[in-house]
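Novice: Sharing a structure below in structure tokens format, with a few things to ask.
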Amino acid sequence: METYDISASSPPRNQVLPEWVAFVLRRLLFIAGVAFAIVYFYIFGLRLLINSATVGRPVSAWELAGPALEETVDFFNDALRGNLSYVVRDLLVETYLPSGRLLLTAIGMAAVLGVVAGGLAAAWRHSPLALPTLTLTVIGISIPSFFLALLLQVADIRFYQRTGVGLFPVYGISLRRTESLLPQVVAPALVLAARPLAHITRVTFVSLSEVLERDFIRTARAKGLGPTVVFWRHALRNAGIPILTAVVVSLRFGLGSLPVVELFFTWPGLGQAMLEAIYQGQVWMVAALGLSLGVTFLLITLLLDLVYRWIDPRLREVGEGSGP
Amino acid sequence: MMAEHHKDTGARRRGELNRKEGKGRKVLSYFLNPRADLSRLRGTSPPEEMPERRVRLRHVLLNFPLLVGGLIVLALFVGVLFGPALAPENPYLRGRRVLEYRDGTFYRPPFPPSPEHSLGTDELGRDTLSMLLYGTRNTLVAATFITMVRLALGLVLGGTAGWFEGRLVDQLVTGAVQVLASLPMLLVAMILIFALDIRRGLPVFIVALCAVGWGEIAQYVRAEFIRIKKEPFLDSGRVIGLTPLGLAVRHVLPNVLPALIVITLLEMGAVLMILGELGFVGVYIGGGISIQVDDFTRRQYFTVPEWGAMMAGSRAWARSRPWMVLFPAIAFFASVTGFNLLGEGLRRLIERGVFNTAVLLSWRVLIAAALITGASVYVILTLGPAPSYRHLARQVDEAGLIRHLEFFTTPELEGRGVGSEGARRAAEYILGELSSYGLTAWLQEVPVSLARPVEPPELALVDEEGRVLHTFTRLADYGESVERHGGSGEAEAEVVLVLFHPSEATRRPPPEGDPRLRGLDLRGRIVMMVAGNAPPAFDTEALVRGAEGVLVVSTDVTPRPQVLSEEDLEQPELPVLRITPAAADRILEPSGLDFDGVQARIAALEEGEQVWVAQDLGARVRVRVALAPPEEATLHNVLGILDGADAGLADELVVVSAHYDGPGRGPDGTLYPGANENGSGVAVMLEIARLWQEQSFQPRRSVLFAAWAGGDLRYSGAHAFLDRPGVLGTYDLSAVIHLDRVGGPEGEGLVVRPVSGRSNFLNLLTASANRLGVTVAQGGWPRHPYQGLMTGRYGTLLVTWGDPDPALATDTVESIDLDHLSQAAQVVNLTLITAAHEPRY
């Protein structure tokens, strides 16, 4: 323990594959392992759930651990051969896209608005408004999704009562019924985007403010570069990693609130389907939906890791990444 | 540096916030105190400097997040401590409101905000404000516990991982954190909670939310440990010989502490948020109870007032009844904001060095932490319905009990003799009281026919010359009976003991005479036999065989004046008395026998030709009974029903029963006040009804308060009530408790006799008594015929204080032990509250 072995973080460089390919392969292997763990967790959990809800004398948890493992193996067996029940398959396909659309809209909106707002705030970081902005973001992070959804709904109803114009459908959304998706996605996406927006704004503001005070920025300005170039090329790129990390964290926020928002707006997505499946005790359904959620999240983080390495050359040299 | 960021999102996130603060301070000090810029010159020539305390104060006062967050958290703390005291009603006890009538219109719950319910009610009519105030305690205590366990878990796991960076432990922890990160926290927590069985309440939530939520803290702690481990001051610690654990605790931990405090506050916010979201999707502490709304619909209602639970089902109401959902949602938003703002403000303070966290590692803080933990444990223990019930049960008013008893024993009521004017007045009194307590109360008339003695009956032990050796006391030693041939008559004769083989005793003889009794000659003698040991209609046989009187040994010697059928008082009559075993012993004495011996002999009888054994006892007794002709009387049962508040449980009936009349004035003019014997049970019953109304306790099951008339009779008011189709038919009898002689001075504690049914109710009563510190024993005998009636599904109990013999003439209010009476009332009250309110017990 007294000697610190740093070789672990810089492996020998006699590899055949390009460095980044090896990295991606390593990560994919890891994702496969995690996927197994996820499915095992869901199946075990659901079996326990059904067990504890039975009226008779429930079995002890340890007696279920073994069968759950076998069931997990079965699940992957079927899933990899495409033998999953068509109900599961259809529902997965049917719910995955709407959820993805909603989440992507929300996080995309949050990221763009958040970076812009945070950047502006950082640019005027010496103004007296800077600190209140920071405080405001704290409050933004504290808004529970159900509260915001409720407020939006009440506001929309009041507005409709006042003017006769509905701003957006607030209830009973069905993707099949209407043609235009845009108005439907507004309310849930706004709700889902609120906390990520506050979080990304905050992180952008903080990290950009810090970078903008660095010496190399002053050097760049001294060289005669315009403020726009300095901002985009020097400052933003240096603040990029924390901002991207914030986006990943936001994605977690979003995934966490997804069932709530979908339930509130009856958005036919993964979260609501999973809630339903849990209440119904549909083991494989939950496992399939949960697996798709988890793997998606892991793949996105992998993608972001690659983007990190593209943004920050230093990471490439280290050659190790266990992901954010 | 960058590699570290890259590895560690949690650390990264918080780290960059930390770094930014340098700027914030500069901006703030520039605008608020331009002179502060000079502070960098402090080392050389300090200009006029503000006292440090004032600087500190200024930092605190200008820290908006700290102030606002602190205020909100303080308000929440007050809510935790005093919320229940401030609430207009107790949601644990208050049942639903069904209809409200205002300005000529009926309203159904949920009621909108109004002067009466400032924040409206939920769909069961429970007051939102009260539930919010009670919920503050439940929700925040839950959140605090979860946060603390998360913190401990994160600290230990993250610290270990960071200290042994790169080893197996580290890889395991890091891997687990990543798996957790890829799971949607809400759904996973929900599965865990259901898997561990939501009905177990708070512990399940703590386990589940900690299992899914320790990752971020662990990640942060791990990164900090890795960073600090490489600092040079750790080497110096190592040099002076500190163990790794010592190093971690003494040198690494204090460096992590400031950030940990902030993280704890932010974590509180996060935990509250997820509690709210769980509640929204229908997962809340305890899981609620399921209620059948109609044939096809079952709805889940929460029982523990908690913010998350109040959010449940909010989607259905959000549009039409926004107030139902809005207020708990605001509560969540405000408290999450409060904790996050406080965390933010504290972080600013810490970064400016105004607040030295090293202070926190002193013994004083340790004591404070211990105190707070103790207080939380206390709150946890006083949380939930049980303490509320107990508090309500304890409020039995002794003055009220005495008031009822004093009314019952006033001389004008003449001891409330069965069928007398006094009993009728007592019934009207009880009716009035029950009605005034908001019960649906009514009288039930029960016609009876009574043949009462015109002069005092006599039973005495005499010698050959007719001199009285011993006089027995009516009611205490014997009582007359008018069953069949029993009636008026006078006799003085030898006593013969007649015993029957137990298996023959119950066989009904042919109407023309019993051939089994051939040879039994009872001429000129008085028969003594044991109750239940003679063949049916043996009195006729005894009469035919020349007996002059009958003595039946029984534990129940209450006079039986009731003429039930045409067979009663059948001519010719002979005196029939029921005597106690003690009186029997007295008569048996000359023959060297006693009652126990007699019973042993019955048991030892061999099966043979002869089914009877007759033995002259060598004792003479004189018996005299003179009855008036039967007269018609009307008895009045008083019944009061309190409707159950719960749709699913209102069909189940809990019965609390006692009788209110007694022997009244005897034929010799003795007054039997019956304070304990016939008054105490009804007094307790009335007091409970009063208390429930005063504290607006609404039971979930329906409760029947029954004051029976003719408690001493073979066919009492209770029998008549049960025989008459009506009330009971529509209910499912859940539990029955008969109260009898609950205020006597004798006895150490309650004596309970399980009459029938399951043992749940008995266990409940025992537990209630233990909770109130009252001793309780099993035993006792039913002294009144109606006490064997009615079978509650959860059990039927007969409750007495001690198991005393009747005191009769001396049974006045003065002889009542108020302490005993009040304790009995409390136990019965707690038992009834629980039985009426808990879905299962």
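Novice: Counting only other chains, and only Cβ atoms inside 10 Å, what mean value do you get across the residues of A:271-278?
Specialist: 3
Novice: Could you work out the mean count of beta carbons from other protein chains within 10 Å of each residue's beta carbon in B:262-270?
Specialist: Per residue, the number of nearby Cβ atoms from other chains is 1 on average.
Novice: With θ taken as phi - 60° and the coefficients 6.51, -1.76 and 1.60, list the Karplus ³J(HN,Hα) couplings across the stretch A:190-197 in order, rounded to whole Hz; mark glycine and proline as x.
Specialist: So the J values, rounded to whole Hz, are 4, 4, 5, 7, 4, 5, x, 4.
Novice: For B:Ser756, list long-range residues whose amide hydrogen, built 1.01 Å from N in the peptide plane, is under 5 Å from its own amide hydrogen.
Specialist: Close amide H contacts, sequence-distant or interchain: B:Thr796.
Novice: Further question: Treating the angle as unsigned and between 0 and 90°, give the value, to the nearest 10°, between the Cα long axis of helix B:202-213 and the longest Cα principal axis of chain B.
Specialist: 20
Novice: Residues of the stretch B:120-141 with the amide nitrogen closer than 19 Å to a label point 7 Å from the Cα of B:Thr105, along Cα-to-Cβ, please.
Specialist: Backbone N within reach: B:120-123, B:125.
Novice: Continuing with this model, one more query. For a protection proxy built on the mean count of beta-carbon atoms within 10 angstrom, sort B:320-327, A:248-255 highest first, please.
Specialist: Descending packing order for the listed peptides: A:248-255, B:320-327.
Novice: If you count, for every residue in A:241-247, the Cβ atoms of partner chains within 10 Å of its Cβ, what is the mean?
Specialist: 4
Novice: Now for a different question. Once every DSSP H run of n ≥ 4 in chain B is given -39500 (n - 2.57) and the sum is divided by its residues, what mean residue ellipticity at 222 nm do you get, rounded to the nearest 500 deg cm²/dmol?
Specialist: -14000 deg cm²/dmol
Novice: Evaluate the distance, in nm, between pseudo-label points positioned 7 Å from the Cα of A:Thr163 and of B:Gln395 along their respective Cα→Cβ axes.
Specialist: In this crude label model, A:Thr163 to B:Gln395 measures out at 5.2 nm.
Novice: Could you grab the relative contact order for the stretch A:98-269? Cα pairs under 8 Å, six or more apart, rounded to a whole percent.
Specialist: It comes to 39 percent, rounded to a whole number.
Novice: Here is a further query. Given the peptides B:502-508, B:194-200, B:262-268, B:612-618, arrange them by the average over their residues of other C-beta atoms within 10 Å, most packed first.
Specialist: Order by mean packing, descending: B:262-268, B:194-200, B:612-618, B:502-508.
Novice: Taking the Cα atoms only, what angle lies between the long axis of helix B:9-32 and the longest principal axis of chain B, rounded to 10 degrees?
Specialist: Orientation of helix B:9-32: about 70 degrees from the principal axis.
Novice: Under the definition of Cα pairs under 8 Å and six or more residues apart, what whole-number percent is the relative contact order of chain B?
Specialist: 12
Novice: Tabulate in residue order the Karplus-calculated ³J(HN,Hα) for the stretch B:810-825, using 6.51 cos²θ - 1.76 cosθ + 1.60 with θ = phi - 60°, rounded to whole Hz; enter x for Gly and Pro.
Specialist: 8, 7, 9, 4, 4, 7, 6, 8, 4, 5, 4, 4, 5, 5, 4, 4
Novice: If each residue's Cβ is checked for other Cβ atoms within 10 Å, how do B:Glu492, A:Glu70 rank with the fewest at the top?
Specialist: Taking fewest neighbouring Cβ atoms as first place, the list is A:Glu70, B:Glu492.
Novice: Oh, and also: Please determine, in degrees from 0 to 90 and to the nearest 10, the orientation of helix B:215-229 with respect to the longest principal axis defined by the Cα atoms of chain B, where the helix direction is its Cα long axis.
Specialist: It works out to around 50 degrees.
Novice: Something else now. Between B:Val239 and B:Glu814, with labels modelled 7 Å along Cα→Cβ, what's the label distance in nm to one decimal, could you check?
Specialist: Modelled inter-label distance: 9.3 nm.
Novice: In what sequence, highest mean first, do A:289-295, B:725-731, B:588-594 appear when ranked by Cβ atoms within 10 angstrom?
Specialist: In decreasing order of mean packing, A:289-295, B:725-731, B:588-594 become A:289-295, B:588-594, B:725-731.
Novice: Which FRET efficiency value, to the nearest 0.05, is calculated for A:Val93 and A:Ile300 with the Förster distance at 25 angstrom and r the Cβ-Cβ distance?
Specialist: 0.85
Novice: Another one. Please compute the modelled spin-label separation between B:Val156 and B:Glu490, points set 7 Å along Cα→Cβ, answer in nm with one decimal.
Specialist: Result for the modelled spin labels: 9.2 nm.
Novice: Once fully extended, how much extra length lies between B:Ala604 and B:Asp668, figured as 0.36 nm per residue of separation less the alpha-carbon to alpha-carbon distance?
Specialist: The span from B:Ala604 to B:Asp668 would gain 18.8 nm if fully extended.
Novice: Hey, another quick one. Give me the percent of Cα-Cα pairs in the protein assembly as shown that sit more than 63 Å apart, rounded to a whole number.
Specialist: When every Cα pair of the protein assembly as shown is considered, 32 percent fall beyond 63 Å.
A short reminder: the numbers here are calculations on the coordinates, not readings from a lab. Given the structure is predicted, the values throughout are model-derived calculations rather than measurements. Every residue, glycine among them, receives a Cβ derived from its backbone with ideal geometry; neighbour counts consider all protein chains shown.
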